[in-house]
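K.L.:
Following this message is one structure expressed as structure tokens.
The values are calculated or read from the model by the stated rules, or taken from the named source; none is laboratory data. Since we're looking at a predicted model, the values are computed, not measured. Cβ atoms come from the backbone with ideal geometry, glycine included; neighbour counts cover every protein chain shown.
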Amino acid sequence: MFLRLLSIEIHKTLKQPALWISSAALLLLALAILAHHIQIARGYLPTPGGLEQDLLFGLTFFNWIGILVYASIAAVIMAFDYPDRSMQLWLVRGVARPQLLLARLAAILLFSFLLVILTVLAVLGLSVLSRSLFFGGVDASHLNWALLFPVAVRIFWSSLPYLALTALAAILSRSPLFAVGTGIGYGSLLEALLLSQRGASSRTCRACARKSSIHSPGFPSASSKSCA
């Protein structure tokens, strides 16, 4: 029953226009790589490096736009049928709500992982085409092909907090728009604020430690212990 529900959720998700609209944000990735190579060819940026530099550049750019894509995927799959109450049809047919939510969570993870794999392959493919066009060849001598899959797994692993938060917001609010806003707001605003506060706190602790070491060398003060 679970596999049947998962198959149905996958087919329904593929028909959602919102999924393809959010995935179209990946076109920005192609434009960014193209603009990057144009700047190198015209001498505005230093030497082009190799294919490994393009992969690093592309994945860094995807890290910026990926929050929007992750939030859209999770919201579309988890809450797209809440507004028209079509989810009640599943419950009337005897499908348990936890089983249905579990199938949708599995679909979210599947689509997100495939998106990351597609992004890595797209970055490499676009870089090869762009380098052939602007530089007449491709240098892949420094690219470790064996690490591509572990890199994709690591990127997918880092996306799990955004997916989980967006899915939770979709379940609680039953609104795809609210869920997307929650995921984007956390990833672009709240997370940055928390990281900046953490950096400020660590700098304060280091200043405390330096001050205590100056006043009483060899004997850590109570203030330095509290910072630690």
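K.L.:
If I go through segment 133-187 residue by residue, how many of them are outside any helix (DSSP H, G or I) and touching a residue at least 12 places away in the same chain (Cβ under 8 Å)?
P.N.:
10
K.L.:
Give the residue, chosen from GLY187, GLY136, that is surrounded by fewer than 16 Cβ atoms within 10 Å (Cβ to Cβ) and of a type in the set (Gly, Ala, Ser).
P.N.:
GLY136
K.L.:
Does ALA25 satisfy the condition of being surrounded by fewer than 18 Cβ atoms within 10 Å (Cβ to Cβ) and in a helix (DSSP H, G or I)? Give the steps one after another, and end with the answer.
P.N.:
On the way: surrounded by fewer than 18 Cβ atoms within 10 Å (Cβ to Cβ): yes; in a helix (DSSP H, G or I): yes.
Spelling it out, ALA25 is indeed surrounded by fewer than 18 Cβ atoms within 10 Å (Cβ to Cβ) and in a helix (DSSP H, G or I).
K.L.:
In addition: Considering (1) closer than 16 Å to VAL69 by Cα; (2) outside any helix (DSSP H, G or I), say which one VAL120 fails and leave the rest.
P.N.:
Tallying (1) closer than 16 Å to VAL69 by Cα; (2) outside any helix (DSSP H, G or I), VAL120 fails exactly one: (2).
K.L.:
Quick check: is even one residue across segment 58-69 surrounded by fewer than 16 Cβ atoms within 10 Å (Cβ to Cβ) and at pLDDT below 85? Step through it out loud before you land on a result.
P.N.:
Residues of segment 58-69 surrounded by fewer than 16 Cβ atoms within 10 Å (Cβ to Cβ): 60, 63-64.
Filter again for at pLDDT below 85, leaving 63-64.
The answer is yes; a qualifying residue exists.
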